[in-house]
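Take a look at the structure set out below.
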Amino acid sequence: MLKSLSASLLLSLALAACISATPTPPGAVTAPLPTLDVTAPPPTLTSATTTPLPPTPTGAVTAPLPTAPLAPTATPPGRLGPENLPANVNPLTGEVVGDTAALDHRPLAVKIVNAPPCARPQFGLNQAALVFEHYVEAWSTRFTAIFYGHEAAKIGGVRSARLIDLELPAIFDALLVTSGSSGGVKERLVNSDFAPRIVSAEFGVDCPPLCRVPLESVPCHTPEHTLFTTSRDLHAAAVSAGLEQRPQLSGWAFSAAPLAPGGSATRLRVDYLNAPVDWTYDSPSGNYLRSQNGTRQVDALDKQRLTAANVVVVFAHHLYSDIRESTNFYSLEIQFWGQGPARVFRDGQAFEGIWLRPQRAGLFQLVDALGAVIPLKPGRTWFEFVALDSTVEMREGAWTITAAILPEQTPPKP
């Protein structure tokens, strides 16, 4: 058993030292994406200890984005942020907390399973502040859930990291909690600027905070689905390692009042190839309700439907790396730096926007055509990563975003 995270910290530092679009149906309205410079260089890293971000390959984006002007987002009354957000407001959810001590923790970025279907329902997703969904090999999806401001008594199953997890912990100044990673991803993680904040079973972290449950207790009956944790145990481990502190997070705005004007968006499908997601707007609660593969998703912890106040679709460049994840698949790199198109869904409406990440550390921005921050609705936000050439269609308030896949399963020839 690991007495504290300090052993993992020493091990991490030692390792670091040596180591074709779908046709539009008749009558459908194709919703355009804004024209953007998607080949903008990655942000400059200010620390000499950080790993440089890989450049965007020249000519790698072959599908042009349709052009259309963006309409600016009206500023609603009662808005909070981005400047001078009150100290008792969670900067990731816009929610007022009863005790500001709930915000005196370091955020937790936990990798959570989403495939195969027997691994659902997962534990703790309704307690997360944010959830990022992304493609992995075989065109299923996985989550990186950011926990901050709410405790979760059980989180998991905890799974392995991917290349996107070189970015998210840096954005949120978070611990990265994972079961492990492939050799190439591991090498990049332990050479990253947040290597001391990695909590991983492959680095010898034991129970608590990372605990195995009996094989027969998980529906998939496979060892890789037996790892779980709790927010309290992770915070305690961070304290033991001298890593627990309140992050400096700012830049997002929130408004409970609906934004105007916006296009109708009562349904959203993100058509991942082997894991299509449906979000349905529930007017009484003001939230979107989640289904996947045609099945309503719930949280195994509270038995409640998975919900989000905001669903943000992030269009970013995807390409294959040279890191092998399995016999048949290489690791996808999602280039979440620079800028790209975004669609924000809240209050049964859709808004065009742009995501901006000009620097490595700190919150990225969601802005309108004039560069004004788009306020999120207070509550949980889900981010859906899709490739730049993914198609967007809308009919009578129902949106379908078909997440494009790359035509090869191996890295492009040099």
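None of the figures in this text is laboratory data; all of them are computed from the coordinates on show. The structure presented is a predicted model; accordingly, all values stated were derived computationally and were not measured. Positions of Cβ are generated from backbone atoms using ideal geometry, with glycine treated the same way; all protein chains shown enter the neighbour counts.
Quick notes on this one:
- Gyration tensor (alpha-carbon) shape descriptor, segment 321-409, a/c threshold 1.5: oblate
- Protection proxy ranking of 198-204, 250-256, 357-363, by the mean of other Cβ atoms within 10 Å over each peptide's residues and highest first, is 198-204, 250-256, 357-363.
- Check: segment 250-309 dipole with +1 on Lys, Arg Cβ and -1 on Asp, Glu Cβ, in debye: 80 debye
- In segment 186-267, the alpha-carbon atoms span a convex hull of 239 Å³ per residue.
- With the highest mean first, a sort of the peptides 294-307, 340-353 on other beta-carbon atoms found within 10 angstrom per residue produces 340-353, 294-307.
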